[in-house]
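One structure is given here, and the rest of the page talks about it.
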Amino acid sequence: MSDKSILLIEDNSDDRFLLKKLLSFGSLRDWKIHEAVRIAGALDLIEQQTPDIILLDLSLPDSYGEESFFKVKRNAGNIPIIILTGLSDVKLSRKLIQEGAQDYLVKGEYNPRLLEKSIEYSIERHKLMLENNRSKERLIDSVLEAQDSERARIAKELHDGVVQSLTVVSMSLGMLQRSIPEFDERSQVHYKRCSENLSLTIDEIRNISHKLMPRVITEMRLQESLESLVEDMEQASNIHFHYLVNLENEPEVNLKLAIFRIVQELVNNALKHSQANSIFIQLIEYPDYISLMVEDDGQGFDKSLVQENKNCFGLSSLESRVSAHNGSIEVDSKPGKGTNVFISFEKNLSNEPKD
C-alpha cells in the first residue's frame, strides 16, 4: 500500500465515485483517497493528513468559485492543486492557473490516463516551482548579504577615510584661529562659515556611515541599538513608539544584524504606509527561541492580496532574512485593523553576558 494520498474535495457523490473509479485503474490505484464535501472539512484534512495533491471542485456548499481555491491554497502550503471544473468555469480555471493552480480538468472529459498524467505532471511541475522559489530565495539571500557587505565597506571607507581626512583639515583650520584677528572682516566671516560647514559635513558623513552600518555590529548591544533606532524614528515622525526588550544573552552578530534590519524595515514600512499613531516593538528571549513582534494601529491591508502578489520584493526580502536564520514569520493584518508581525528565531546566542 502506497503511503501517498489524494485529497478529493467534491460535494457531488456521483463525481466522487467516478473519480475514485478512474483512479483505481492506473498507477495511482494504491494511493489513499481522503474525501471532503465542504471547505471546512477539507482544511481539517489538509492539516491532519498533508496529502500529496488536492483535487478541488470550485462549487461547494460553504464556498464558491475562486474563493474556494484561495481558501484551500492559503492552507495547502506546498501541496499542488488541480481544479475540477464544468465547461462554464473553464475561463475561471485558466485564470486560477495563473494564481498557482497546477492544472484543471473538465468534468466528463477525462479518462484514467488523462487523470493520472495530470496528477503526475502537476506534482512534478510543483516540485520545479518550489525549487525555482528556493533559488529565488537564495538569490535574495545573496543580494541581502552583498548589500550588508557593501554597506559595511562604504561605512568603513567613510569613517576611516573621508571623516579622518576632513578631521585633519578641521584641525589645520583650527590652527589658524590665532591669526583670525589679523584678517579683515570679510575674511573672518568666510573663515567662520568654512569652519561651521566643515563641522556639519563631518557630522553628516558620520551619520551616513552609522545608517549604512550601525554600531550594532561591533560597538553596541542589540537592545541599545534598537533603542537608538526607535529614538531616531520617533524624532523624525509623529508616531509614538512603545518598546519592550528582554534579552538575557546577546545574539550572535549575524542574527543581531538581521533582527536590527528586520525592525528597521518593518518600522520604515509602517511610517510610509500605515498612517499609524503608535507602534509597539517587543523583543523577548525565551528558553528555546527569541520572539520579535512589531505592531501598529494603522490602516492595515488585505493580507490575501499581498500573499498573491508574487512581485512583492519587500515581503520576500523580509521572509528571506527570517528563514536564513531558521526563523518563522506570521503577518496578521486587516483593512482598518492595523498590522501585527510575529517573528521567532531559534536560539543561536553568543556567550556575552547581560550587563
Identify all residues within the range 294-337 that are at pLDDT 80 or above and among the polar types (S, T, N, Q); write none if there are none.
-> Gln299, Ser323, Asn326, Ser328, Ser333
Residue by residue through the range 24-39, note down the ones that are open to solvent by 40 Å² or more (accessible area, probe 1.4 Å) and either among the hydroxyl-bearing types (Ser, Thr, Tyr) or more than 16 Å from Asn12 (Cα to Cα) (or both).
-> Ser24, Phe25, Ser27, Arg29, Asp30, Lys32
Which numbered condition trips up Val162, out of (1) exposed (fewer than 14 other Cβ atoms within 10 Å of the Cβ); (2) at pLDDT 70 or above; (3) farther than 27 Å from Gly77 by Cβ; (4) under 36 Å from the mean Cα position of the chain (by Cα)?
-> (1)
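Just to verify a result, which residue in the range 81-102, among those that are part of a loop (DSSP other than H, G, I, E, B) and open to solvent by 10 Å² or more (accessible area, probe 1.4 Å), is modelled with the lowest pLDDT? Walk me through how you get there before you give the answer.
Filtering the range 81-102 down to residues part of a loop (DSSP other than H, G, I, E, B) leaves 86, 99-102.
Then keep just the ones that are open to solvent by 10 Å² or more (accessible area, probe 1.4 Å); that gives 86, 99-100, 102.
Numbers: Gly86: 81, Glu99: 85, Gly100: 86, Gln102: 91.
It comes out as Gly86.
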Close pairs (9 angstrom Cβ cut-off, 6 or more residues apart or separate chains): over 15 Å from Ile123 (Cβ atoms) in the range 45-56, in a helix (DSSP H, G or I) and open to solvent by 40 Å² or more (accessible area, probe 1.4 Å) anywhere | Ile46/Asn75; Glu47/Asn75
Here the qualifying pairs (Cβ atoms under 6 Å; residues six or more apart or on different chains; first in the range 178-198 and closer than 19 Å to Thr167 by Cα; second among the aliphatic types (A, V, I, L, M) and surrounded by 10 or more Cβ atoms within 10 Å (Cβ to Cβ)) come out as Ser195/Leu173
Before we move on, is Ala42 within 30 Å of the chain's Cα centre (by Cα), of a type in the set (A, V, I, L, M, F, W, C) and at pLDDT below 90?
-> no
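Of all residues in the range 49-80, which are outside any helix (DSSP H, G or I), surrounded by 15 or more Cβ atoms within 10 Å (Cβ to Cβ), more than 24 Å from the chain's Cα centre (by Cα) and not small (Gly, Ala, Ser)? Give the derivation first.
In the first step, residues of the range 49-80 are kept if they are outside any helix (DSSP H, G or I); the result is 50-65, 77-80.
This time we only want the ones that are surrounded by 15 or more Cβ atoms within 10 Å (Cβ to Cβ), so: 51-60, 63, 79-80.
Among the residues that remain, those that are also more than 24 Å from the chain's Cα centre (by Cα) are: 51-60, 63.
Across the range 49-80, the qualifying residues are Pro51, Asp52, Ile53, Ile54, Leu55, Leu56, Asp57, Leu58, Leu60.
From the list Ser225, Ser209, which residue is open to solvent by less than 60 Å² (accessible area, probe 1.4 Å), modelled with pLDDT of 75 or more and in a helix (DSSP H, G or I)? So that I can check it myself, show each step before the final result.
Values: Ser209 fails: modelled with pLDDT of 75 or more.
From the options Ser225, Ser209, the qualifying one is Ser225.
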Specify the residue that is least open to solvent (accessible area, probe 1.4 Å); the eligible residues are those in the range 1-23 that are free of Cβ contacts under 8 Å to residues at least 24 places away in the same chain and not acidic (Asp, Glu).
-> Arg16
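The values are calculated or read from the model by the stated rules, or taken from the named source; none is laboratory data. Treat the numbers as computed from the prediction; the structure is a model and nothing was measured. A quick note on method: Cβ atoms are made from the backbone with ideal geometry, for glycine too, and the neighbour counts reach across all protein chains shown. Keep in mind that these areas ignore ligands, DNA and RNA; they rest on the heavy atoms of the full protein, side chains included. Shrake-Rupley method; radii C 1.70, N 1.55, O 1.52, S 1.80 Å.
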